[in-house]
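Working notes, beginning with the structure itself.
The values are calculated or read from the model by the stated rules, or taken from the named source; none is laboratory data. Remember, it's a predicted structure, so these values are computed and weren't measured experimentally. Using ideal geometry, Cβ is built from the backbone for each residue, glycine included, and neighbour counts are taken over all protein chains shown. Ligands, DNA and RNA are excluded from the accessible area calculation, which covers all protein heavy atoms including side chains. Shrake-Rupley method; radii C 1.70, N 1.55, O 1.52, S 1.80 Å.
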Amino acid sequence: MEPVVVSTRKFKESLTFLKIPFCEEMNSNDFSIFKMEDLGMNLPCQMPVFRPDHFSIIIISQGSAVYHTGDTTYPISSNNILFIRPNAFLFSEWKSVTKAYIITFRKQFLYHYWPAAVDHIQKLERGETFSAVLTKELMNIFENICGEIYNHALSSASYKYEIITNLIFNLLLLMQQYNLGTESEWTNQKYNSHAAAFLDAIDDNLSKISSGETTELFDINNYVESQNLNLNQLSKIIYNCTGKSISQWIHKKLIDEIKYLLKYSDKSISTIAYSYGFNDLNYFYSYFKKYTKMAPGIFRKNFKDPLINAVA
């Protein structure tokens, strides 16, 4: 069955879409935590496709699921952790669950309740989505921290979010301490607010197109104007910080977006093309082929029927 693409931005909204009840009182707009085994999902359970506006930490003590985010698939099972960045198309298929946590949070949540940790938040913004297998001892540590977060989320203490933020940072520092995941293309570069704002702006524009808030696909001039810099200044900053040019980033993120919809939605190729400003289908086909070496129809067919195409 094809996954349904929805315009929601939060995991809890995807639960609402599936009519899966949860405790709304313990989840704010910028933070949430769920014990997956308590949700009463009918397994296997396929979540809808959505673009989260939050970071996600999925910790599975016992269970199995498959996550599809961006252009990558992550099969995860017992003693696995998955860290997901915001603003890339995401959907999951839960096959079994005995014990698992999902924690979601926006960077604004961290800034608000622990502004002194700005350096850690900036490093988090530059991290990549990753999955890792944990030792039993390390899984116990992560589980205990998740349990503390869950209990504080249930409480009515006025300072509970400050404690929760502290505990989330403990999780993030543990990931760093044990070298979980891989570094992004610009993790080791010096943080630059213009570079971070530029990448956020691309994601935000694509997210708004996806949700129907706008039909305008930004070009280089839009990003330059929003930064109050000239083209040469912004180009130099982006290249020095990331190793890619402005146009390379725009094309990369747009192609990733289109590839995801071709793979995981039943939207027609023409609908996808028009939604991202390609009014000329011939140009859309040549644009997609330029960056993927493949026509969009062939790309979709190869993904849907890999075995058939491998034999052919």
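Within segment 1-22, the set of residues being open to solvent by 40 Å² or more (accessible area, probe 1.4 Å) and either free of Cβ contacts under 8 Å to residues at least 24 places away in the same chain or small (Gly, Ala, Ser) (or both) comprises Ser7, Thr16, Lys19, Pro21, Phe22. Selection within segment 1-26: residues that are outside any helix (DSSP H, G or I) and within 19 Å of the chain's Cα centre (by Cα). The member of this set that is nearest to Ser64 (Cα to Cα) is Pro3. Screening segment 65-115 for strands (runs of 3 or more DSSP E) wholly inside it with 3 or more residues that are among the aliphatic types (A, V, I, L, M) returns the ranges 80-84, 90-105.
Residues checked against (1) modelled with pLDDT of 90 or more; (2) under 25 Å from the mean Cα position of the chain (by Cα):
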{"site": "Ile209", "(1), (2)": "no, yes"}
{"site": "Asn222", "(1), (2)": "yes, yes"}
{"site": "Ser226", "(1), (2)": "no, yes"}
{"site": "Gly243", "(1), (2)": "no, yes"}
{"site": "Tyr260", "(1), (2)": "no, yes"}
{"site": "Ala273", "(1), (2)": "yes, yes"}
{"site": "Phe284", "(1), (2)": "yes, no"}
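Please find, within segment 203-232, the residue that is surrounded by the fewest Cβ atoms within 10 Å (Cβ to Cβ) out of those that are hydrophobic (A, V, I, L, M, F, W, C) and within 17 Å of Phe50 (Cα to Cα). Ranking the qualifying residues of segment 203-232, first place goes to Ile209.
Yes or no, residue by residue, for (1) touching a residue at least 12 places away in the same chain (Cβ under 8 Å); (2) not in a helix (DSSP H, G or I):
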site: Ser226; (1), (2): yes, no
site: Gln233; (1), (2): no, no
site: Asn240; (1), (2): yes, no
site: Lys244; (1), (2): yes, yes
site: Ser247; (1), (2): yes, no
site: Ile250; (1), (2): yes, no
site: Lys253; (1), (2): yes, no
site: Lys259; (1), (2): yes, no
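Between Tyr291, Tyr285, the distinction of being among the aromatic types (Phe, Trp, Tyr), open to solvent by 20 Å² or more (accessible area, probe 1.4 Å) and closer than 23 Å to Asn87 by Cα belongs to Tyr291 only.
Considering only residues in segment 49-73 that are surrounded by fewer than 18 Cβ atoms within 10 Å (Cβ to Cβ) and of a type outside the set (Val, Ile, Thr), the one that is modelled with the highest pLDDT turns out to be Gln62. Across segment 294-308, the qualifying residues are those that are open to solvent by 50 Å² or more (accessible area, probe 1.4 Å) and in a helix (DSSP H, G or I), and the one among them that is modelled with the highest pLDDT is Ile298.
Checking each residue in segment 236-282 for being surrounded by 18 or more Cβ atoms within 10 Å (Cβ to Cβ) and of a type in the set (Gly, Ala, Ser) picks out Ser265, Ala273.
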